[in-house]
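Only one structure is covered here, and it is reproduced in the block below.
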Amino acid sequence: MSSYKLANLIRARFPLIYITTFEEDRVTKYISSVVTDEKQVKFPREIYQWTQTVGLYNQTQQKRIPDTESPCKALEYIRKVDKDSVFILYDFHINFGPKNRTPDYNVIRKVRDIIPDLKLGQVRKTVFFVSPELLIPESLQKEITIYDFPLPDLEEIRKKLESMIKQNLNVENTLTEEEKDKLCKAALGLTLQEAESAFALAMVNDGKIDIKDLPIILEEKVQVIKKTGILEFIKSDYSIKDIGGLDNLKKWLLKRNNSWSEQAKKYCIPAPKGVLVTGVPGCGKSLTAKAMSTIWQLPLLKLDFSKVFSGLVGSSEENMRRALATAEAVAPSILWIDEIEKGLSGLGSNGDSGVSSRIFGQFLTWMQEKESPVFVIATANNISNLPPELLRKGRFDEIFFVDLPTFEERKEIFKLHLEKRLKDKTIASEIVTVPNLCSELAKMTEGFIGSEIEQVVVSALCDAFFESRPLKFEDLAKNIQTTVPLSTTQREQILSLRAWANVRAVSAAKTSDRTNYKKEIDNENVSSSRGGRTLDF
Ligand code: ATP
């Protein structure tokens with residue numbers, strides 16, 4: 001994938017440039033602006049467009065070239081053109097053999113035949129393939145350069161909104177400059193066409209455009225992002241107060257808030273890349289990802305890695321490319337990769353002809369080189385499938401291990417979930433009189449994970465509700481006794497997770513919690529050891 005400027009690729013006579021986009025109009029305007037600008041390309045070019053329905057069309061001379069609908073005839077014409085030109089071929093990939101279609105080997109051969117002329121001929125010519133899908137036949141891999149065409153930036157979206165406001169004088173406009181910015185920021189991550197549709201929807205809704213339209217734009221974005229089938233826009237109401245324990249992890253995250261601000265630049269702080277949070281299931285990894293978006297006030301996009309490979313939505317490489325481009329377009333943003341190990345399970349196997357390796361490589365390169373402020377939070381339960389390259393220093397800023405909650409953490413988790421649900425004084429009337437309630441409960445729940453503690457509270461409340469009475473200590477005690485914790489059923493897995501974490505990860509709990517915890521535990525069950533290195537932030 002090329003990150004060079006398009007003008008440089010053209011000047012350096014790269015013969016074939018592939019751009020994957022749905023935005024034909026926008027990309028055509030962009031190519032046209034570059035190739036007609038003497039300052040950028042030195043030798044301005046004529047522009048031809050080609051579709052299978054119309055054939056070649058000389059845009060500069062506004063002239064259709066007859067009998068060039070067939071790809072081979074169009075390519076032959078291109079070879080004969082004797083003026084510096086670029087040729088934009090739309091949807092040419094259908095000849096390369098997309099799903100359920102055999103490749104047209106004549107066309108592929110013809111493309112290869114014209115390459116020497118494109119590279120070395122006296123006349124300067126460049127061929128562009130513009131398609132919504134990325135598909136390159138093996139035999140052209142070395143000759144085609146992929147050019148990454150970004151989604152529209154704030155300025156382009158703002159121009160679009162302003163032109164729409166100008167064109168629709170009957171629509172009342174009460175937006176201040178700052179509010180305009182907010183609406184446009186909300187549309188980041190959409191194509192220009194999608195942004196236009198979202199603004200149009202906001203306008204027709206009540207004949208006005210004002211800041212109250214913000215939810216309409218955001219909702220459109222949620223829908224559009226959902227349609228990718230791979231990314232989901234997560235709206236989170238969780239705050240740092242909703243996480244019991246994990247103080248070390250919380251502190252690390254709080255310290256990195258605003259790392260992209262102008263103020264942070266004065267300290268020359270490198271923008272954080274991301275964290276990998278691994279550990280025992282049900283102990284708050286997902287909760288942390290959601291709370292982060294609230295703490296940092298950044299949009300949270302969840303990437304389902306397994307769907308990237310599923311083949312249900314499109315080509316895997318293209319899915320990944322699009323997902324990363326969307327995250328970059330809404331940057332600063334948080335990209336949450338849940339259960340990253342599931343997406344990487346095909347690595348090393350021969351079953352997928354190397355697709356997993358390519359995608360993984362694509363992701364690693366992006367992690368390494370990304371300049372836009374996209375913070376990655378990857379969560380994983382099963383670390384045995386994680387490839388060592390992912391864990392190498394420099395990929396993630398830190399790897400955190402979330403263990404079974406310590407005594408102090410369990411106390412906090414009980415407190416959180418009881419307070420959240422016991423808002424009605426009559427229901428809480430008995431339980432609030434129990435001395436050291438949360439300490440007592442924490443003592444009884446050694447080895448319980450956060451979600452089991454939550455479930456104990458919920459089930460106890462169900463019992464009280466069933467008998468139409470206030471919650472009693474006994475309700476909680478009974479549900480604790482009837483729970484078989486995951487730490488019992490998956491003892492071996494937890495112990496091996498810890499052994500892994502002791503060498504590679506930092507504990508998400510703070511040191512004092514861990515030390516006190518050790519003192520409390522004198523029996524030899526799974527709770528008596530802890531995973532992850534002790535290092536407080
Ligand atoms: P999984 O990998 O199985 O998804 P997880 O570690 O991501 O597990 P969460 O989904 O974050 O676990 O936790 C499940 C639920 O358990 C949370 O929604 C929350 O209600 C409760 N919970 C877990 N850990 C904590 C915690 N530390 N503080 C408060 N609540 C917690």
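The values are calculated or read from the model by the stated rules, or taken from the named source; none is laboratory data. A quick note: this is a predicted structure, and the numbers were derived from the prediction, not measured. Here Cβ is always computed from backbone atoms with ideal geometry, including for glycine, and neighbour counts include all displayed protein chains. The accessibility values were calculated without ligands, DNA or RNA, using every heavy atom of the protein model including side chains. Shrake-Rupley method; radii C 1.70, N 1.55, O 1.52, S 1.80 Å.
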Check: Which aspartates and glutamates does Lys302 reach when only Cα atoms under 19 Å apart count, and residues fewer than 8 places away in its own chain are ignored?
Finding: Glu219, Glu220, Glu232, Asp237, Glu317, Glu318, Glu328, Asp338, Glu339, Glu341
Next item on the list: Give the residue from Gly447, Ile377, Ile340 lying farthest towards the positive end of the charge dipole for segment 324-472; charges sit on Cβ (+1 for Lys and Arg, -1 for Asp and Glu) and the dipole is referred to the Cα centre.
Entry: Gly447
Next item on the list: Report, in degrees rounded to the nearest 10, the 0 to 90 angle that the Cα long axis of helix 491-504 makes with the longest principal axis of the chain.
Entry: 60
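About the Cα centre, and with charges only on the beta carbon of Lys, Arg (+1) and Asp, Glu (-1), how big is the dipole of the chain? Nearest 20 debye, please.
Details: 76 positive and 74 negative charges, 287 e Å.
That gives a dipole near 1380 debye.
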Notebook entry, point to check: Looking at this model, which pairs from Lys212/Lys415; Lys423/Lys510; Lys99/Lys342; Lys251/Lys443; Lys185/Lys415 are more than 28 angstrom apart at the alpha-carbon?
Noted result: Lys212/Lys415; Lys423/Lys510; Lys185/Lys415
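At R0 = 35 Å, how high is the FRET efficiency between Ser439 and Asn257 if r is their beta carbon distance? Nearest 0.05 is fine. The partial results should precede the final answer.
On the way: r = 32 Å, r/R0 = 0.91.
The pair Ser439/Asn257 has a calculated efficiency of 0.65.
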Check: With the calculation restricted to Cα positions, what are the radius of gyration and Dmax of the chain in angstrom?
Finding: 28.7, 92
Checklist line | Arg112-Val458 pseudo-label distance in nm [points 7 Å out on the Cα-to-Cβ vector] | finding: 5.9
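I need the shape label for segment 4-147. Rule: rounded when a/c is under 1.5, else prolate if a/b > b/c, else oblate, with a, b, c from the alpha carbon gyration tensor. Intermediate results must be reported in sequence, preceding the final value.
On the way: a/c = 1.39, a/b = 1.30, b/c = 1.06.
Note, shape of segment 4-147 comes out rounded.
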Notebook entry, point to check: Tell me, in nm to one decimal, what length is gained between Glu419 and Asn205 on full extension, where the rule is 0.36 nm per residue of separation less the Cα-Cα distance?
Noted result: 73.0 nm
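For Arg469 and Lys185 in one chain, what is 0.36 nm times their gap in residues minus the Cα-Cα distance, to one decimal in nm? Please list the in-between numbers first.
Values: separation 284, 0.36 × 284 = 102.24 nm, distance 4.99 nm.
That pair, Arg469 and Lys185, stretches by 97.2 nm at full extension.
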Note to self: Give me the one-decimal nm value for the distance between modelled label points at Leu169 and Asp104, 7 Å along each residue's Cα-to-Cβ direction.
What the structure shows: 4.9
Notebook entry, point to check: What is the extension gain from Lys159 to Ser70, computed as 0.36 nm multiplied by their sequence separation minus the C-alpha to C-alpha distance, in nm to one decimal?
Noted result: 28.2 nm
Notebook entry, point to check: Which percent of the accessible area of the chain is formed by carbon and sulfur heavy atoms (probe 1.4 angstrom)?
Noted result: 51
Margin query: Please report the spacing between the Cα centers of segment 24-97 and segment 229-260 in Å, no decimals.
Written below: 48
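Do the alpha carbons of any pairs in Lys5/Lys273; Lys221/Lys285; Lys160/Lys285; Lys110/Lys370; Lys290/Lys411; Lys80/Lys160 sit beyond 32 Å of each other, and which pairs? Mind dumping the intermediate values first?
Details: Lys5/Lys273 25 Å; Lys221/Lys285 26 Å; Lys160/Lys285 40 Å; Lys110/Lys370 37 Å; Lys290/Lys411 22 Å; Lys80/Lys160 39 Å.
Correct reply: Lys160/Lys285; Lys110/Lys370; Lys80/Lys160.
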Note to self: I want to check the label-to-label distance for Arg79 and Gln490. Put each point 7 Å from Cα in the C-beta direction and report it in nm to one decimal.
What the structure shows: 6.1
Next item on the list: Give me the accessible area of Cys438, 1.4 Å probe, in Å² rounded to the nearest 10.
Entry: 30
Check: Relative to the longest principal Cα axis of the chain, at what angle does helix 407-421 sit, 0 to 90 degrees, rounded to 10?
Finding: 80
Notebook entry, point to check: Hey, if you put +1 on the Cβ of every Lys and Arg and -1 on every Asp and Glu Cβ in segment 73-139, which of Phe129, Asn95, Ile78 ends up farthest toward the positive end of that dipole?
Noted result: Ile78
Item checked: Nearest-10 value in Å² for the accessible area of Asp403, using the 1.4 Å probe -> 10
Note to self: For a distance above 28 Å, tell me the whole-number percent of Cα pairs in segment 220-370 that qualify.
What the structure shows: 24
Note to self: Among Ala477, Asn173, Val456, whose Cα projects farthest towards the positive end of the dipole of the chain, with charges put on the beta-carbon of Lys, Arg (+1) and Asp, Glu (-1)?
What the structure shows: Asn173
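For the chain, what does the helix formula give at 222 nm: sum of -39500 (n - 2.57) over DSSP H segments with n ≥ 4, over the residue count, nearest 500 deg cm²/dmol?
-14000 deg cm²/dmol
Tell me, what is the per residue accessible area of the chain in Å², probe radius 1.4 Å? Present the calculation step by step, with values, prior to reporting the outcome.
Details: 26180 Å² over 537 residues.
Here the residues of the chain average 49 Å² of exposed surface.
Which sequence of Cys184, Cys268 reflects their accessible areas, 1.4 Å probe, from the largest down? Mind showing how you got there, number by number?
On the way: Cys184 0, Cys268 110 Å².
Putting Cys184, Cys268 in descending order of accessible area: Cys268, Cys184.
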